[in-house]
Amino acid sequence: MLRRWIEAMRLRTLPVSVAGVIAGTACAVMCGGFSVLPALLCLLFAMLAQIASNFGNEYYDFKNGLDKKGRAGFRRGVTEGDISPSAMKAATYLTLAAAAVVGLMLLFFGEWWLIIVGALIGVFALAYSAGPYPLSHHGLGDVAVVIFFGVVPVTFTCYLQTHDWAALPLLLPTAVATGFVAANVLIVNNYRDAEDDASVGKRTTVVIFGRRVMGTCYLLSGLLAMLLMMPVWVKLGLYSLAVPAVYIALHVATWRKVVASRGAALNPLLGRSAVNLLVFALLLLVAAVLG
């Protein structure tokens with residue numbers, strides 16, 4: 001049973017939430033404001049929020065009849081009968097509650113209005129798959145990922161360590177770039193599930209625009225992300241160009257395999273896309289420390 005719950009957490013995708021916090025910490029380092037405790041609390045909050053979203057996605061997709069047994073994607077415990085719907089629903093809200101507790105701890109390092117930010121993150125974690133207009137069912141999942149796995153974690157992780165917005169010229173391009181790279185993980189997920197999603201009326205961007213267009217978007221979003229980071233590369237110096245060079249090499253190699261693969265063969269490429277993002281964030285942090 002423990003194995004089924006671990007599968008439901010979708011550990012292969014967790015580097016996406018981790019990377020946003022690391023990139024935000026890199027911005028804090030560049031501004032001389034690194035603080036270990038708020039950074040760790042941001043990391044824990046981000047991971048719990050993503051796990052809650054993953055649990056919610058499994059529960060609500062089952063409830064809405066969007067999953068079927070033997071799917072090409074990762075095994076869904078509720079659909080396969082390994083986990084009861086009530087247990088998954090309870091796990092979703094308990095994990096979200098745990099994230100809220102960690103979020104309240106962050107108030108020791110920020111202002112009261114951060115409660116609003118935390119509440120919006122909680123709403124997004126559920127609205128991705130639930131509610132009257134689930135974002136992932138109407139082609140808005142990619143936009144939501146850019147915002148909530150890029151802009152929000154990078155921006156507020158940095159702010160909670162520096163306590164000012166002086167880093168905005170570096171922070172904004174880093175936040176958007178991280179979001180663009182994070183969205184590639186969702187593109188692979190939707191690339192794999194295109195036929196199943198179309199059959200149940202789930203209109204992801206791959207269903208709407210087709211595999212060829214979204215395959216091109218996968219490639220361009222990674223390249224554009226590195227271009228957006230130009231102010232950061234300029235600040236850090238010539239040696240920092242090793243970061244986009246390494247990322248682009250990994251990105252292009254993964255893209256070639258993504259557009260040539262179908263079905264379950266895309267599962268490891270989803271994980272690889274997440275790892276590519278994590279490598280980018282870690283190298284950025286190293287460059288910030290060395291700079």
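Could you please let me know if Val213 is modelled with pLDDT of 95 or more and of a type in the set (A, V, I, L, M)?
Numbers: modelled with pLDDT of 95 or more: yes; of a type in the set (A, V, I, L, M): yes.
Spelling it out, Val213 is indeed modelled with pLDDT of 95 or more and of a type in the set (A, V, I, L, M).
Mind listing just one residue for me: the one in the range 173-204 that is at pLDDT 95 or above and over 14 Å from the mean Cα position of the chain (by Cα) and, of those, least open to solvent (accessible area, probe 1.4 Å)?
Thr174
Quickly run through the range 216-271 and pick out the residues that are among the charged types (D, E, K, R) and touching a Leu at 6+ places or on another chain (Cβ under 8 Å). Steps first, answer last, please.
First pass over the range 216-271, keeping only residues among the charged types (D, E, K, R): 235, 256-257, 262.
Result: Lys235, Lys257.
Within the range 5-20, is even one residue touching a residue at least 40 places away in the same chain (Cβ under 8 Å), basic (Lys, Arg) and buried (at least 21 other Cβ atoms within 10 Å of the Cβ)? I'd like the intermediate steps shown before the answer.
Our first condition is that a residue be touching a residue at least 40 places away in the same chain (Cβ under 8 Å); within the range 5-20, this holds for 5, 7-10, 12-20.
Subset that is basic (Lys, Arg): 10, 12.
Still in the list and also buried (at least 21 other Cβ atoms within 10 Å of the Cβ): 10.
Yes: the range 5-20 contains one or more residues that are touching a residue at least 40 places away in the same chain (Cβ under 8 Å), basic (Lys, Arg) and buried (at least 21 other Cβ atoms within 10 Å of the Cβ).
When the range 229-254 is examined, which residues are found to be touching a residue at least 12 places away in the same chain (Cβ under 8 Å) and open to solvent by 60 Å² or more (accessible area, probe 1.4 Å)?
Filtering the range 229-254 down to residues touching a residue at least 12 places away in the same chain (Cβ under 8 Å) leaves 229-232, 235-237, 239-240, 242-244, 246-248, 250-252, 254.
Answer for the range 229-254, where residues must be touching a residue at least 12 places away in the same chain (Cβ under 8 Å) and open to solvent by 60 Å² or more (accessible area, probe 1.4 Å): Met230, Pro231, Lys235, Tyr239, Val246, Leu250.
Of all residues in the range 235-291, which are among the hydroxyl-bearing types (Ser, Thr, Tyr) and under 18 Å from the mean Cα position of the chain (by Cα)?
Of all residues in the range 235-291, those among the hydroxyl-bearing types (Ser, Thr, Tyr) come to 239-240, 247, 254, 261, 273.
Within the range 235-291, Tyr247, Thr254, Ser273 qualify.
Condition test on Tyr133, is it among the hydroxyl-bearing types (Ser, Thr, Tyr), more than 16 Å from the chain's Cα centre (by Cα) and in a helix (DSSP H, G or I)?
Details: among the hydroxyl-bearing types (Ser, Thr, Tyr): yes; more than 16 Å from the chain's Cα centre (by Cα): yes; in a helix (DSSP H, G or I): no.
Here the answer is no, as Tyr133 does not meet what is asked.
Looking at Ala125, is it among the hydrophobic types (A, V, I, L, M, F, W, C), touching a residue at least 12 places away in the same chain (Cβ under 8 Å) and under 21 Å from Leu285 (Cβ atoms)?
Taking the combined requirement at face value, the residue does not satisfy it.
Taking the residues in the range 277-291 that are over 19 Å from Leu43 (Cβ atoms) and either in contact with a Leu (Cβ under 7 Å, 6 or more places away or on another chain) or of a type in the set (Gly, Ala, Ser) (or both) as candidates, determine which candidate is least open to solvent (accessible area, probe 1.4 Å). Write out each step before concluding.
Of the range 277-291, the ones over 19 Å from Leu43 (Cβ atoms) are 287, 290-291.
Applying the additional criterion that residues be either in contact with a Leu (Cβ under 7 Å, 6 or more places away or on another chain) or of a type in the set (Gly, Ala, Ser) (or both) yields 287, 291.
On the way: Ala287: 4, Gly291: 74 Å².
Here the residue is Ala287.
Just to verify a result, which residue in the range 77-129, among those that are surrounded by 20 or more Cβ atoms within 10 Å (Cβ to Cβ) and outside any helix (DSSP H, G or I), is modelled with the lowest pLDDT?
Ile83
The values are calculated or read from the model by the stated rules, or taken from the named source; none is laboratory data. Just so it is clear, the structure is predicted and the values come from calculations on it, not from any experiment. Cβ coordinates were reconstructed from backbone atoms using ideal geometry, including for glycine residues, and neighbour counts include every protein chain displayed. Just so you know, the surface numbers come from the protein's heavy atoms only, side chains and all, with ligands and any DNA or RNA stripped out. Shrake-Rupley method; radii C 1.70, N 1.55, O 1.52, S 1.80 Å.
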